[in-house]
């Protein structure tokens, strides 16, 4: 466990340093060191590149990745379905339809509106899924089915808007939704960090409850767990975490689905271990995706959400399959 | 995951013997919807004329309208709807996962990627050509998923297939969005197709995929008994002497045939394959010998009605049927899920 965490932290640190150094203007190791320790003045060109452009971006990517992975771990535990990710709760489809509507219907919305609409859409959808599936208690199957139903309604609205909206607006909305960390600023990073720190800590403190509920409702109940209340609280946490991540960076898919599986294979079934490892895996995945997305065919930048699919999918396929062979 | 709610309803339904009657009723509804769809539109055509157009085509304006525009369109809706619904049933049994649909085999993502790639490389053209690219893309993606899913010592596990499907679909979807984000012309040309549509289908297109879909439907109905066994879980199936690897592969081959044809005919309609099986199971129970025919008729009915509604309510000939299926089906499905699924706690 400790060794695994250490390795992941080193990988993440390496990626962060690479993200700070590489780009249109590549900085040497010495330049970067001097800029970071502040031996040059803060107004130099290098300082501006590092502190104003690259640092916020890499921090945002790491935060978003950790948030998505944590939300994915929670969903996996409370739904007990290997395909469960925060999208099952309607978070993605809710955010997508809200953002698509704002961009297509308002033509030229103020910059702050899409993220706010994204969060509002995600939260409203998660609340609707939970309330509509509540009938004297919760059931993971009913939540999943309700999520499918409401999700496809929202999806139909999104499809309608994208089929008949102005083509330029549709494309702009698609880029936003593809998930990217282009417009990061330190203010945004600070806000997201303050927003996430309490839910993330709560999720980690609740890891024993997650262990229990994963055994099944009946088992968890016989251990004295108030299953319905736990599941409800976890859904609230999950919405706060992944809704904020979606608002900050759009729909970066796949991280929430795959990071918990990888973490589970690395450190076993205990959530006290899975949560931090999954968060690190998620951060690594998004930081690496953003780095590759802006380097591969520079100056064109590929949104991070697309790179996670392009690079992350084959990579994790090989990882999962190798582990499986190793176990026999 | 699927069993709990299905089995309870199955017990409830086992005694009343209402299923053949129900199926007949549903089929009559489908026939009525098809006839209504042929008769109504911008120009109303009496049913007698529709009938004469089919049996004694005389080349008049109304006969041309029926034979060249409305009939192909309705046929495409029937074929695509039944194929998607049946392949959805099979997918949910094979993966034992209520979130599964033909899309999980990479069918939709593969078809969309193939069509978008061809459009970008060779420019936009007519719908006839894309059908085969869509079919090829869907088939290739599904074979890849199946290969990955059954690869390795603990292969043939449902979880392997599920994760392989998620990975391949994610990868192909990412490639597709990467192309669309940078290529506005292709996005403009393909966005109606990706919404799912049966507008402007020709008799030739229907005839091209009909053999595959009919074969797939026949094979799917024949699979019913084996699906019941598969749905009982690995151990029960083994103790009943079922060779799971073989039947799972056969099932997936049927899904590829059905869903691949449907997607190439009507575009990637996700809703039908995902939700119609749930609606049927929530209504009549989990006996797959009955779920399959009910889904085939129900899926066709949903798509025909959705297409009709798109034309009548929104008054537009090319309102995407993928949108109206969800608008019509989802509220009903939500009500069913709320009132019947998962018991009290």
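Taken together, the values in this text are just the output of simple stated rules run on the coordinates, not laboratory data. If you're wondering where the values come from, they're calculated on a predicted model, not measured in any experiment. All Cβ positions, even for glycine, are placed from backbone atoms using ideal geometry, and neighbour counts span all protein chains on display.
Quick notes on this structure:
- P(r) of the range B:99-253 over all Cα-Cα pairs, binned every 5 Å from zero, in whole percent: 1, 8, 15, 18, 18, 14, 11, 7, 5, 2, 1, 0
- The range B:33-65 and the range A:119-165: distance between their alpha carbon centers, rounded to Å: 40
- For chain B, a Gaussian network of Cα nodes joined below 10 Å ranks B:322, B:106, B:224 by mean-square fluctuation, and the top entry is B:224.
- Per-peptide packing, taken as the mean over residues of other Cβ atoms within 10 Å, places B:170-176, A:268-274 in the sequence B:170-176, A:268-274 from highest down.
- The order of A:183, A:169, B:307, A:108, going from fewest to most other C-beta atoms within 10 Å of their C-beta, is A:108, A:183, A:169, B:307.
- Order of A:209, B:235 under a 10 Å beta carbon neighbour criterion, fewest first: B:235, A:209
- Calculated FRET efficiency, residue B:235 to residue A:198, Cβ-Cβ distance, R0 = 35 Å: about 0.20 to the nearest 0.05.
- Packing-based exposure ordering (other Cβ within 10 Å, fewest first) of A:4, B:28, A:281: B:28, A:4, A:281
- Simple spin-label estimate for residue B:143 and residue A:22 in nanometres, 7 Å along Cα-Cβ: 3.5
- Legend: calculated FRET efficiency, residue A:166 to residue B:313, from the Cβ-Cβ distance at R0 = 25 Å, rounded to 0.05, equals 0.60.
- Selected from B:71, B:258, B:232 as most flexible by GNM, with chain B as the system and alpha-carbon contacts under 10 Å: B:232
- Per residue of peptide B:180-192, the mean number of Cβ atoms on other chains within 10 Å of the residue Cβ is 4.
- Value at 222 nm in deg cm²/dmol, rounded to 500, when DSSP H runs of n ≥ 4 in chain A each add -39,500 (n - 2.57): -24500 deg cm²/dmol
- Candidates A:94, A:305, A:264: whichever shows maximal mean-square fluctuation once chain A is modelled as a Gaussian network with Cα springs under 10 Å: A:264
- Neighbouring Cβ atoms from other chains, within 10 Å of the Cβ of residues in A:161-169, number 4 on average.
- Peptide packing for A:129-135, A:25-31, B:72-78 was compared via the average number of neighbouring C-beta atoms within 10 Å per residue; ordered from the highest value, the list is B:72-78, A:129-135, A:25-31.
- Calculated log₁₀ intensity ratio I(q)/I(0) where the Debye formula runs over C-alpha points of chain B, q = 0.11 Å⁻¹: -0.72
- Global geometry of chain A, whether rounded, prolate or oblate, following the gyration tensor of its Cα atoms and the 1.5 cut on a/c: oblate
- Distance between the C-alpha centres of the range B:258-287 and the range A:218-279: 30 Å, rounded to the whole angstrom.
- An oblate overall shape is assigned to the range B:169-240, the ratio a/c of its alpha-carbon gyration tensor axes (a ≥ b ≥ c) being 1.5 or greater and a/b not exceeding b/c.
- All C-alpha pair distances within the protein assembly as shown, sorted into 20 Å bins from zero, spread as 18, 52, 25, 4, 0 percent across the bins.
- Each label point was placed 7 Å from the Cα along the Cα-to-Cβ direction; for residue B:339 and residue A:105 their separation is 3.1 nm.
- Per residue of chain B, the DSSP helices (runs of n ≥ 4 H) give a summed -39500 (n - 2.57) that works out to -26000 deg cm²/dmol at 222 nm.
- Here the gap between residue B:25 and residue B:246, fully extended at 0.36 nm per residue and compared with their Cα-Cα distance, gives a gain of 76.0 nm.
- Across peptide B:270-282, the average count of Cβ atoms from other chains found within 10 Å of a residue's Cβ is 2.
- If R0 is taken as 35 Å, the Cβ-Cβ distance between residue A:135 and residue A:301 corresponds to a FRET efficiency of 0.15.
- Pairwise centroid distance, computed over Cα atoms, of the range A:58-90 with the range B:154-230, Å: 26
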